[in-house]
Amino acid sequence: MTTFLFDGPDTAPVTILLAHGAGAPMDSASMTATAKALAAAGFQVARFEFHYMAARRYGHRKPPPRAETVNPEYVKAIADLRAKGVTGPLIIGGKSMGGRVASMVADEMFAKGEISGLLCLGYPFHPPTKPTQLRTKHLADLKTPTLIFQGTRDEFGTPDEVATYDLSSSIEIHWLEDGDHDLKPRKSLSGFSAADHLKTLAEAVKAWSGRIVS
């Protein structure tokens, strides 16, 4: 059974399931702050870890696997979340690699009526310094309503780069000024704080979910 961390009321009308990025666990500072901001906006948020990351808690240092190899773990997490009694509309997603994995299983789950949308936080459009190694092929035909939050300083995909990609019309991208891959801005240069961006994120997700969840 998948282990979850929950934030927000279990009576929330919408639940968001989030997976972590390649190098940091589900309880990293970035994931925790995001989950709490979304919970404050009225969502129930569930976080989980892929097996390789969970194993690190017991001293087994494993490198991140190829993203597509953990697709079945994400599908199982959805089933395990439902088995825990979480009903109602579900949005899946995650930070960086977690969001990428969610994006690869989203259309299958959306077609089955299991999920209502996809939320990606810092999508890894390409590896840093390797702008031609795109991870976007499946995004061209994505059917699932999708919201991507990206910092304008994100080395995994800048505004100029992303503007050239062939992306499905179901995808909305919300740019956060001066945000890095964790969506954090340099307050002294941008005038925004990390808390500002998290509040903007939570409010935008609430408005977007209101449009996609019937």
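Dipole of the chain computed with +1 at Lys/Arg Cβ and -1 at Asp/Glu Cβ about the Cα centre; of SER30, THR2, GLY210, farthest Cα towards the positive end is THR2. The ranking of TYR123, TYR74 from fewest to most other beta carbons within 10 Å of each one's beta carbon is TYR74, TYR123. Shown for VAL86, VAL213: other C-beta atoms within 10 Å of each C-beta, ranked fewest to most, produce the order VAL213, VAL86.
Note on the chain: helix-only mean residue ellipticity at 222 nm, from DSSP H runs of 4+ residues weighted -39500 (n - 2.57) and normalised by residue number, equals -10000 deg cm²/dmol. Projected label points at HIS60 and LYS187, each 7 Å from Cα along the beta carbon direction, are separated by 4.1 nanometres. With neighbours defined as other Cβ atoms within 10 Å of a residue's Cβ, the residues SER96, SER168, SER193 order from fewest to most as SER193, SER168, SER96. The simple spin-label model puts a point 7 Å past each Cα toward its Cβ; for LYS143 and ALA79 those points are separated by 2.1 nm.
Think of the chain as a dipole: +1 on every Lys or Arg Cβ, -1 on every Asp or Glu Cβ, centred on the Cα centre; then among SER116, ASN71, MET104, ASN71 lies furthest on the positive end. The label-point distance for GLN133 and SER168, in a model that sets each label 7 Å from Cα toward Cβ, rounds to 2.5 nm. Using r as the Cβ-Cβ distance of ALA195 and ASP160, and R0 as 30 Å, what FRET efficiency do you calculate, to the nearest 0.05? For ALA195 and ASP160, the calculated efficiency is 0.65. Overall, the anisotropy analysis places the range 132-214 in the oblate class: the square-rooted eigenvalues a ≥ b ≥ c of its C-alpha gyration tensor yield a/c not less than 1.5, with a/b not exceeding b/c. Expressed per residue, the C-alpha convex hull volume of the chain stands at 118 Å³. Please identify which residues in the range 129-143 have an amide N closer than 19 Å to a label point set 7 Å out from the Cα of ASN71, following the Cα→Cβ vector. Backbone N within reach: 134-143. Per-residue extension of 0.36 nm, minus the Cα-Cα distance of LYS112 and THR32, leaves a gain of 25.8 nm for this segment.
Throughout, read-outs are computed from the coordinates displayed, never taken from laboratory work. Keep in mind that this is a model prediction, so the values were computed, not measured. Neighbour counts are summed over all protein chains in view; Cβ atoms, including those assigned to glycine, are modelled from backbone coordinates with ideal geometry.
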